[in-house]
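Written out below as structure tokens is the structure these notes cover.
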Amino acid sequence: FKGDDTCEYLLSSGRFLGEKVWQPHSCMMHKYKNSEAKNCLIDKHIVFLGDSRIRQLFYSFIKIINPQVKEEGNKHGNIPFEDKSASIKVDFLWYPEVNGSMRQRIKSWTEGSVAKPHIIVAGAATWSIKLHNGSNEALTQYKINITSIAPLLEKLAKSSDVYWVLQDPVYEDMLSESRKMITNEKIDAYNEAAVRILNSSSRNSRAKVKVFSVSKLIARETIMKSSDGLHLPESSRDTNAMILMNVYCNKIMKPIDGSCCQPQPPLTLIQKLAFCFFTLSIIGYLIISLIHRNNYRKNKSCTDLEMGEEKKPTISTPHVSTAEMLLHCFCKLGLIMTYFYLCDRANLFMKENKFYTHSSFFIPIVYILVLGVFYTENTKETKVLNREQTDEWKGWMQLVILIYHISGASTFLPVYMHIRVLVAAYLFQTGYGHFSYFWIKGDFGVYRVCQVLFRLNFLVVVLCIVMDRPYQFYYFVPLVTVWFMIIYATLAMWPQIVQKKANGNCLWHFGLLLKLICLLACIYFLSFSQGAFEKIFSFWPLSKCFELNGNVYEWWFRWKLDRYVVFHGMLFAFIYLALQKRQMISEGKGDPLFSSRVSNVVLFISIVSFLTYSIWASSCKNKTECNELHPSVSVLQILAFILIRNIPGYVRSVYSSFFAWFGKISLELFICQYHIWLAADTKGILVLIPGYPMFNVIVSTFIFVCVAHEISQITNDLAQIVVPKDISTLLKRLLCLAGFFSGLLLFSAVQEQSKH
């Protein structure tokens, strides 16, 4: 830990990921769009002062503001640029040497007669080497001149951002005869002089001239692609301009994926209260543990010296009380949440940008597939989508989604489309599982609803408080929660139709189908009526749950993307359970699901359908168009997979215990990855061990999986305490919960007021 000044790292160190993606040491760099750049630089005046290399940087910088700019104008003269829509002025001033003229220009800004620029980017040296044929006298004069300029730049740094750009190395083999005297040895000498002299009088001051040395590292990797051996290729100078934009704008715009130069966010009132609560829980649990330990020591068995026998303790180990169990859970949760905060809110651990390569995605996929096959066991039951099989399905899907996220594979459209099917498959299981439970059990009690809602939402609510994020940020949990409530409302509303009732009269089956058709009609209407959808979820306090960045568009997008798949899951469950009741399918161990002939035909159709979808997804050219088709066609691959997995009896009779283990904690894995495996709210990668990417992934993954497993245990333990079976006690707890969320809304409103 070298301190939290990530600006220092951004300006001085980093490496290339691939050929064009620059990764600063320890932090993440945001790629600014022109609209973001304008918002950051509104009413600002920026000056680039120097030679042709600085002119290149000037053009790359203004192209971020306006990509249509052409590199025109006098190469050896001043070049102005203005964006009137945002009142931004950017000037290039031609000063190829560090001399009296440059000093006079800088001095004019310090005297107050001329308005000071907000940002000054300066640098020059190669012309001095060229004009004086690389003589030592020229270097001596350069030192004298920069010594005279340094105090002026340091004075300007108190009110403006001042950057001195060190000289990039050259590719000596490509230099023209007139530039042969510009050697890397000479450039290093000039850079060394500039670094030593700048800030020499203000070493302990916060206002310093920022030395832009990272350009040298970039040039070492890319100068071979230069057209003349002196000037950087366009991609490299664009990287330098983007670094400059990050240094100045990140602290203003605060982009999620731009952790460089961003200060640690201050603790909110709710976070402070959460910290106090967890601290008190830890202290309370430690006190109770010490009391129990002392009681145990007093009453433990001791040796009778006279008889030489051991006496039995008079008091047995005390039973763990509900209060102690609560404190134990909150104690563990408090320590875990501290780790979450340190990983993704404090500037303690490093963060890096994702970089996609085919090998970084597909090699881990093959690896986990081999592991999954290795841990194959027989299932306890051989029904379609039995518990072991659904856990296995959730497990391998979750592992694939995790690899997809950490490898940054969303940039590769075929992979993105297949991952969308996996998310849809989770929702399909939601429809299938909850419909099956309500249909078979007929249990529409409050206890069941509260148990499901608690298990789904507990971790997310805690993270919203600790990490200061809106509920909708963890989009999958709101999605599953809302769909669960829709399934419950559809089946619980009058007339309640369950399997027991339907077995007595077949007409009830048509009644249930009518309910499902009404549900489909509502989904269809809302999917084509964005206004109606947004009105429903814009009412307070629903808006507090489903708004992200001030509107519910993200919620609308997520809901619409998989709008039919839960209905498909419910319909599949209904048809499957009806066939099972009438004994039209065979689910014995080793038996095919249908007769041999029918099984072969259906299996062949399923394989063709599965491959057809994959071919279509792989040929996708436009994400928007494919997303439009996805809700209607994703069910084909899901159904094809279910049939391929269940028609052959020997395949249905085995499962992977490796995948099933991960499936049991799949929800916790999905949510925890946001902050302790990935970083910057999933935009980057957490770096616990810098410099060793593979070892870092192994260590961070081990901790991440252990934490997810522990949170799953905590959630299960708390669910038994917080959601009791006794209805009167449960109603009291619900009233307390309503008070808790009312308090959260109140504190949230106070925070909003204080921000404004």
Using the per-residue mean of other Cβ atoms lying within 10 Å as a proxy for protection, in what order, highest first, do the peptides 467-474, 21-28, 224-231 fall? 21-28, 467-474, 224-231
Surface per residue (accessible, 1.4 Å probe) for the chain, Å²: 50 Å²
By how many nm would the segment from TYR692 to ASP726 lengthen if fully extended, with 0.36 nm per residue of separation less the alpha-carbon distance? 6.9 nm
Which one, PHE528, PHE81, VAL211, is farthest towards the positive end of the dipole of the chain when Lys and Arg carry +1 and Asp and Glu -1 on their Cβ? PHE528
Kirkwood-Stokes translational diffusion coefficient of region 6-253, alpha-carbon pairs, 25 °C, 0.890 mPa s, µm²/s: 134 µm²/s
Report the extension gain between LEU514 and SER410 in nm, rounded to one decimal, defined as 0.36 nm multiplied by the number of residues separating them, less their alpha carbon distance. 33.5 nm
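Size of the dipole of region 6-253 about the Cα centre, Lys and Arg at +1 and Asp and Glu at -1 on the beta carbon, nothing else charged, in debye to 20?
So the dipole magnitude of region 6-253 works out to roughly 680 debye.
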Which ³J(HN,Hα) values in Hz, rounded to whole numbers, follow from the phi angles of region 564-579 under the Karplus curve 6.51 cos²θ - 1.76 cosθ + 1.60, where θ = phi - 60° and Gly and Pro get x? 9, 5, 5, 4, 4, x, 5, 5, 4, 4, 4, 5, 4, 5, 5, 5
Karplus ³J(HN,Hα) for region 652-666 (6.51 cos²θ - 1.76 cosθ + 1.60, θ = phi - 60°; Hz, whole; x = Gly/Pro) runs 5, 8, 10, 8, 9, 5, 4, 5, 5, 4, 5, x, 5, 10, 4
Distant-in-sequence amide H partners of GLY14 (H built 1.01 Å from N, under 5 Å): HIS25
Dipole of the chain (Lys/Arg Cβ +1, Asp/Glu Cβ -1, origin at the Cα centre): which of ASN353, PHE662, GLN429 lies farthest to the positive side? GLN429
Using alpha carbons only, how many degrees (0 to 90, rounded to 10) separate the axis of helix 322-344 from the longest principal axis of the chain? 30 degrees
Compute the signed sum of charges (Lys and Arg +1, Asp and Glu -1) over the other residues within less than 11 Å, Cβ to Cβ, of GLU234. +2
Among region 632-653, those whose backbone N falls under 18 Å of a label point 7 Å along Cα→Cβ from THR612 are 632-645
Calculated FRET efficiency, THR147 and LYS208, Cβ-Cβ r, R0 22 Å, to nearest 0.05? 0.85
Roughly what % of DSSP beta bridges within region 6-253 run antiparallel, to the nearest 5? 35 percent
Based on the alpha-carbon set only, what is the convex hull volume of region 1-119 divided per residue, in Å³? 161 Å³
Is there a quick way to get the dipole size of region 344-495? I mean about its Cα centre, with the Cβ of Lys and Arg at +1 and of Asp and Glu at -1; what is the value in debye to the nearest 20? 200 debye
Could you list, in their original order, any pairs among LYS31/LYS225; LYS298/LYS725; LYS272/LYS664; LYS33/LYS210 whose Cα atoms are separated by more than 27 Å? LYS298/LYS725; LYS272/LYS664
Suppose every K and R has +1 on its Cβ and every D and E has -1 on its Cβ; what is the size of the dipole of region 349-723 about the Cα centre, in Debye to the nearest 20? 800 debye
Taking r as the C-beta separation of PHE747 and TYR367 and R0 as 41 Å, the FRET efficiency to the nearest 0.05 is 0.35
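With a 1.4 Å probe and every protein chain kept in, tell me what percent of the accessible surface of region 623-671 is carbon plus sulfur.
That fraction is 69 percent.
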Qualifying chymotrypsin sites (Phe, Trp or Tyr not before Pro) in region 499-537, DSSP loop, other Cβ atoms within 10 Å at most 13: PHE528
Ignoring ligands, DNA and RNA, what percent of the accessible area of region 360-419 is carbon or sulfur (1.4 Å)? 67 percent
Calc'd 3J(HN,Hα), region 185-191, phi into Karplus 6.51 cos²θ - 1.76 cosθ + 1.60 (θ = phi - 60°), Hz, glycine/Pro = x, comes to 5, 5, 4, 4, 5, 5, 5
Ranked by how many other beta carbons lie within 10 Å on average, peptides 638-647, 242-251, 694-703 from highest: 242-251, 638-647, 694-703
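Residue separation times 0.36 nm, minus the C-alpha to C-alpha distance between MET174 and ASN39: what's the value?
Working: separation 135, 0.36 × 135 = 48.60 nm, distance 4.08 nm.
44.5 nm is the gain from fully extending MET174 to ASN39.
Would you mind checking the pairs LYS143/LYS216; LYS332/LYS683; LYS351/LYS623; LYS44/LYS84; LYS107/LYS155; LYS130/LYS180 and listing those with alpha carbons more than 18 angstrom apart?
LYS143/LYS216; LYS332/LYS683; LYS351/LYS623
The values are calculated or read from the model by the stated rules, or taken from the named source; none is laboratory data. Predicted, not measured: the structure shown is a model, and the values here were computed from it. FYI the Cβ positions are ideal-geometry reconstructions off the backbone, even for glycines, and counts take in every protein chain you see. Surface areas here come from the heavy atoms of the whole protein model, side chains and all, with no ligands, DNA or RNA. Shrake-Rupley method; radii C 1.70, N 1.55, O 1.52, S 1.80 Å.
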